[in-house]
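Since the structure comes first, as structure tokens, the remarks are kept for the end.
No lab work stands behind these numbers, since they all come straight from the coordinates. Predicted model, so just to flag it, every value in this text is computed and none were measured. Methodologically, a virtual Cβ is constructed for each residue, glycine included, from the backbone with ideal geometry; neighbour enumeration extends over all protein chains shown.
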Amino acid sequence: MLRQRVITAAWLAPLALLGLFGLDGAWFAVFTAGIVMLAGWEWGNLAGLFGQASRSLVAVVLGAMMLGLWLGGFAQSGAILAVGGLGWLVNLWWVVGHPKRQAQWSSTAVRLAMGAWVLIPTWVGFNVLRDNGAIWLLFVLLVVWGADIGAYFCGRAFGRRKLAPSVSPAKSWEGVYGGMAVTAVLALGFAMAHQWSPVATLLLILLTLLVTMASVLGDLLESMLKRYRGIKDSSQLLPGHGGVMDRIDSLTAAVPCFALFFSWLVSA
């Protein structure tokens, strides 16, 4: 298993870095749309579709939606991000109330709709951040990675109170606080390096903490769906690493969240 993980990482990491930071404009949109379509194929499984054809149709529909947004000039639409934000409030309601509220989202139709309001705003958010400079995309990635690292070590060392035992029993509130501490320091260092004003620095820290919490929610949402389906990974597209959704679940909430409030930050 370890050997397979290393082999996959050896080609996956350079490809991801090249696509995210070596491309821009239409090519970047195409690259991220491809990732979203693969995630959409996996979402078909999370939604309860068992046939390969029906799962592939989900990916095709998502691709058509993204193409339509691009041609219509909505690939960086704040309205799409706002709809995604409302969708994540609904997702939060379901995750917090799991399993009592399971009947509200358990139908395949609702889970497919959930996939649309999760994945399409993710693509739009990627476009917004990349168009404003690769540094912002890198910052969000570092926030998500920092949150994961802080949560892992603080959770192992101090974890006592369970965050969402019916969704992901291993996660603790102490882990969340550890992740928030790491990302707050990251935001402070970023602001100081760019000599931002105190107001802008405070806004960045607050937004970073919000994005950190959003990343946790993204992880929990996929865990809830996988638990309902009785599966460990969203797919085996990435041998040794599970599926695409297993790699980007936190980003599906963090990226559109940061992109949604990005304009407020840069105008401070």
Neighbour-count order for LEU260, LEU12, fewest beta carbons within 10 angstrom listed first: LEU12, LEU260
ILE231/ALA64 FRET efficiency (R0 22 Å; Cβ-Cβ; nearest 0.05): 0.25
Let a ≥ b ≥ c be the square roots of the eigenvalues of the Cα gyration tensor of segment 2-266; is it rounded (a/c under 1.5), or, if not, prolate (a/b larger than b/c) or oblate? rounded
What aspartates and glutamates could a cross-link reach from LYS162, if we take a straight Cα to Cα line under 12 Å and drop same-chain neighbours fewer than 8 places away? GLU174
Given Cβ charges of +1 for Lys and Arg and -1 for Asp and Glu, the option among GLY178, LEU138, PHE21 whose Cα lies farthest towards the positive end of the dipole of the chain is GLY178
Per-residue HN-Hα couplings for segment 130-141 [Karplus 6.51, -1.76, 1.60; θ = phi - 60°; Hz; x = Gly/Pro]: 5, 5, 9, x, 4, 4, 6, 5, 4, 4, 5, 4
To the nearest 20 debye, what is the magnitude of the charge dipole of segment 179-268 about its Cα centre, counting +1 on the Cβ of each Lys and Arg and -1 on the Cβ of each Asp and Glu? 140
Size of charge dipole - the chain - debye, nearest 20, with Cβ of Lys, Arg +1 and Asp, Glu -1, no other charges: 860
May I ask which residue of PRO256, GLY242, SER168 lies farthest towards the positive end of the charge dipole of the chain, with charges of +1 (Lys, Arg) and -1 (Asp, Glu) on Cβ and the Cα centre as origin? SER168
What list of ³J(HN,Hα) values in whole Hz, one per residue of segment 175-192 in order, does the Karplus curve 6.51 cos²θ - 1.76 cosθ + 1.60 (θ = phi - 60°) give from phi, with Gly and Pro shown as x? x, 4, 4, x, x, 5, 5, 5, 6, 5, 5, 4, 5, 4, x, 5, 5, 5
Within segment 191-259, DSSP-loop trypsin sites (Lys or Arg not before Pro) with at most 11 other C-beta atoms within 10 Å are LYS232
By a straight-distance test (C-alpha under 17 Å), which lysines pair with LYS226 as possible cross-link partners, with residues fewer than eight away in the same chain excluded? LYS100, LYS171
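Using Cα-Cα distances under 8 Å and only pairs 6 or more residues apart, what relative contact order does segment 2-266 have, in percent?
Reported as a whole number, the value is 23 percent.
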Exposure proxy order (Cβ contacts within 10 Å, fewest to most) of ARG101, ARG130: ARG101, ARG130
Say the dipole of the chain comes from +1 at the beta carbon of Lys and Arg and -1 at that of Asp and Glu; which of GLY155, VAL199, PHE126 then lies farthest toward its positive end? GLY155
